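Quick notes on the structure that follows.
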Amino acid sequence: MTRDKTMSAVSDDLVEFARWKGGIDGAIRRFERWCEASGLNDQAIQARTRAIHDRLSRRGVSVAFVAEFSRGKSELINALFFAGFGERIVPSSAGRTTMCPTELFWDPARPCGIRLLPIETRSQARSLADFRAEEGVWHEIRFDAESAHQVKAALSCVQEQIPVDPARAEELGLLDEDGLAQARQGGSDRVLIPKWRHALVNFPHPLLQAGLSIIDTPGLNAIGTEPELTLRMIPEADAVLFLLAADTGVTRSDIEVWREHIATSRQTGRFAVLNKIDGLWDDLRSHAEIDAEIGKQVQGVARDLGLDETAVFPVSAQKALNAKIHQDPALLARSRIAALEVALSEVLVRQHRDILTENLQHEFREAVRNLDGSLQSRHRNQVEQLFELNGLRGKNREVMNHTAARIRGERDEFEKSLRRLHGLRAVFQRHGEVVGRALSIDSLKSHVRHSRELMKSSNFSTGLKQGMNSLLTKAAADMARAEVAIQEVTTLMTAMYRTFSVEHGLTLGSPMLFSLSRHQDELSRLSTLSNQRFGAIALATTEKHMVMRQFLESITTRLREIHAAAARDAHSWLRAVMAPIEGQVREHQAQLKRRMESVRRILEANDTLDERIQEIRALKEDVEERLKGLNRLKQEFVQALEDLPKQAPAPAVGLEADTLARLLDAGLEGLDEEPLHSAHAEASLP
């Protein structure tokens, strides 16, 4: 297989995005080495640089494709991402081609291949996330990434089905009334269900290597039967493409899925794709009439889904794939896929980059502020000490004794403040323990046990929902208790920062702010999703009962992840918020001690005044060099942030597609195929 040399806008931007992050990572590592060599790599700095590395190392960007059967999801995936291979890579044909949720990504630590989770695992009271780390339960098929035949053969496994008794299908939560009716019409007493529950495809495509992951869902029914899709995969996707077909329009089930699972998860990156517009192409109608009909359908989709018309993209995935493979720019323009590529690039890369830039700037700015404060405080003390020692030139012993007494007075006042700081540490410790208990795994396990007991005691929806609600309510209460303790710590630290800054001249500014609101919002989303998913069930059939139990297991797994992340963030903040004041207090103590020692040694004639002045001047010059080094590193980081990905020229998406196609057919020169494959929109640049 030969890869496309003129990759799409999304591909170009993803590659540049990965390069951009690599430059920032290099700047941060140089900063860390400088801090270590300068003896300034305290806990606060380590927490900040660790946060930056965590943000840079997080997964790239993800796109989820959601639709009913036969809407062209797989064909659109091929057209958007795999046309450069000259053929269909993801199975695509009439009818249902994807029977299980499929993730495509690249992990260099694993071999190329597809891992398939047997459908029988649905009978176990465990979430999909629990199985991800278990190698033995997955069926693995390895392939040569350069062999189109091997790749296609491996990916075709996602189409496989197996016949089972209706009772077994119901036990697995997969009894489909349409499938049962179809089996009966064919004279069979067995129904077909997917052979696999989930598929993980590890494939070294340039886009996937650059950090893209693709999620292909098998249809709207799967969203209800596989909780992880609704709890994590779809909500956390950077972009969700909800496919509709021009020949069917928006159905009632489309609207329900959009409102319950897609529109509520995030405000950006949610698009409707009106596929198969080539079905509206008609030689007996003018291009203007066809454009008007497509525009009318776009308006209807936007109205039904509550979207702006700019978030609805009419395309022909099949024609786009054909045009890219055969290098037909006129057909490519008429397929209208360029506008969708521009929008994806904007959401997947540029908005993602802007948010990441803002977060990185904040973390680095706070790290530098702490360092700069410590160095400036040290420099100020050295300047004062030089002034103090220079003032002793030609003075008698009485003046020197007076200076020593003044320094002792400053030290005594500072020690009073230190006693208050010791008292603060005790209060700080108590609040930290409250946070630790509230976010502990033991507390969550206790809630889970109670919820399972409630669910075991009833096969009716009331008991099942009570168990679910109990778990979510108690988890939210734990998070709220931890948040109260965190805000009390913030109040205490703000007062202490101000006291030491005003009374002793420390350069502290304000303490690092922190909140658990992000994790609380996720808990609220889970609660809302639970109510939407099971609020209308009156009686739990065997199938619904099993689905609810699986939902509880998935909720439990997600809660463990949320609690672990919240605890990690909170503990990191608790360490970091105390580090600046402790570091500058130690520095101030050392300076007071050095000042006292200088005067004492001069009084005892162990040192001459000029020797001490020279020693302090050398220390002052060393600090000045460190400040210059810090400024150089600040500039390096800023330059790395500003080294934005290169922007390719925008496609002519402002023209009506059919108008552009006619121009191309007429032989308009100057429009080569590259802008169509590199669909960047300069107007959307931040």
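The values are calculated or read from the model by the stated rules, or taken from the named source; none is laboratory data. From a predicted model like this one, the values you see are computed outputs, not experimental measurements. Glycine gets a Cβ as well: all are built from the backbone with ideal geometry, and neighbour counts include every protein chain shown. Accessible surface is based on the protein model in full, side chains and every heavy atom, while ligands, DNA and RNA are left aside. Shrake-Rupley method; radii C 1.70, N 1.55, O 1.52, S 1.80 Å.
Stokes-Einstein diffusion for the range 21-104, with the hydrodynamic radius set to the Kirkwood value over Cα pairs and evaluated at 4 °C in a medium of 1.567 mPa s, equals 77 µm²/s. Once the Cα-Cα distance is subtracted from the 0.36 nm per residue extended length, the GLU503 to GLU561 segment shows a gain of 16.5 nm. Loop-resident trypsin sites (Lys or Arg not before Pro) (DSSP state other than H, G, I, E or B) in the range 317-388 with no more than 11 further Cβ atoms inside 10 Å of their Cβ are absent. The Cβ shell under 10 Å around PRO118 holds other residues with a net charge of +2, Lys and Arg each +1, Asp and Glu each -1. The alpha carbons of the range 471-520 occupy a box of 49, 15, 7 Å along the principal axes, longest dimension given first. Peptides 85-92, 443-450, ordered by how many other C-beta atoms sit within 10 Å of their residues on average, highest first, read 85-92, 443-450. Ordered by 1.4 Å accessible area with all protein chains kept, GLU289, GLU260 run largest first as GLU289, GLU260.
Ignoring aspartates and glutamates fewer than eight residues from LYS456 along the same chain, the ones with Cα atoms less than 17 angstrom from its Cα are GLU171, GLU543, GLU553. Over 21 Å between Cα atoms, which of LYS195/LYS445; LYS593/LYS628; LYS445/LYS474 qualify? Check vs 21 Å cut-off fails for LYS195/LYS445; LYS593/LYS628.
Each of VAL257, ILE294, ASN275 was placed along the dipole of the range 186-295 (beta-carbon charges, centred on the mean Cα), and the one lying farthest toward the positive end is VAL257. Take every Cα pair under 8 Å in the range 400-523 that's 6+ residues apart, average their separations, divide by the length, and report that relative contact order as a whole percent. Dividing the mean separation by the residue count of the range 400-523 yields 25 percent. Measuring between their Cα centroids, the range 271-288 and the range 554-569 lie 46 Å from each other.
In this label model, ARG303 and GLU36 are separated by 6.4 nm, measuring between points 7 Å along each Cα→Cβ vector. Length gained on full extension, ARG518 to ARG365, computed as 0.36 nm times the residue gap minus the Cα-Cα distance: 52.9 nm.
Computed from label points 7 Å out along Cα-Cβ, the spacing between GLU433 and LYS445 is 2.1 nm. Of the chymotrypsin sites (Phe, Trp or Tyr not before Pro) found in the range 12-75, those in coil by DSSP whose Cβ has at most 15 other Cβ atoms within 10 Å are PHE69. Computed extension gain for ASP144 through VAL638, at 0.36 nm per residue and net of the alpha carbon distance, reaches 173.6 nm.
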